[in-house]
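These notes are about the structure you will find just below.
Quick note: the coordinates plus some simple rules give every number you see, no bench work behind them. This one's a predicted model, so the numbers in the text were calculated from it and none came from an experiment. Here the Cβ positions follow ideal geometry from the backbone for every residue, glycine too, while neighbour counts run over all protein chains shown.
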Amino acid sequence: MRVTSSPTSSPTSTPTPAWGPRWLAQGERPPRLSDVPFEALPADLRLLLISEGTLANALEAHQLGPIVADVEGHEQMLLDAVTARWLKAHPQDAALSRRTALRSGITGRLIVHADSVLLLDRLPRSFPEVLAAEPTGLGGAFATMQLETRRELLWFGRTPLRGLRPGDQALAGDTGVSRCYRLIVDGTPICCIEETFPDGVIRTG
């Protein structure tokens, strides 16, 4: 997608168009994130950041090997005001918080870390059981249930890596690039997902 910017007239320079996706809530991202120029990121990371399909499938093509979802924790939570607005819900509505590491199915190495907030009351009643049995995580569960989703990108930036296991931290580094998006089913937001691509993985591929 091409996003045009207002050119400044200068006899000595040619205006350079801005390329990349439209991020709907870049100004509302968490304060822990810092700016990172989209055009300065590696090309394969730019493609993953704007990927519309199941991330596990894209990572399998990128890594040339299987990807598995390692669920590190999940708990009931109450929505904060910002997430509630993105989900078109109300602050303090009940939601499920889920923390997942996408890993190489061969080496176990951390590839992407994901934090999700789901509104289960907007999903089929059998969804939690399907999700629990799906090795590739949320995307695989949506595919299994044949739920057609649309993705809307909210924000991206550089973030400190939080809550990693010691073995993962040693390989992943201290920071990464995160994106956040919401998934829409039949016009209604059902979840927000933040996915973090650690710098250590980005550098080594």
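List of remarks:
- Proximal charge balance of E195 [Cβ under 13 Å; K/R count +1, D/E count -1]: +3
- Label assignment, mean projected area of the Cα convex hull in nm² derived from the structure, set (1) 16.2; (2) 13.0; (3) 11.1: (2)
- Amide H within-cut-off set for G176, under 5 Å, with H built and near neighbours excluded: T159, L161, D199
- Order by protection proxy (mean Cβ within 10 Å, highest first), peptides 107-118, 127-138: 107-118, 127-138
- When the chain is treated as a Gaussian network with alpha carbon springs shorter than 10 Å, the biggest mean-square fluctuation among E39, E52, E152 belongs to E39.
- Label sites at E75 and Q26, each approximated as a point 7 angstrom past Cα along Cα to Cβ, lie 3.4 nm apart.
- In the chain, the DSSP-assigned H stretches of four residues or longer account for a calculated mean residue ellipticity at 222 nm of -6000 deg cm²/dmol, using -39500 (n - 2.57) per stretch and the full residue count as denominator.
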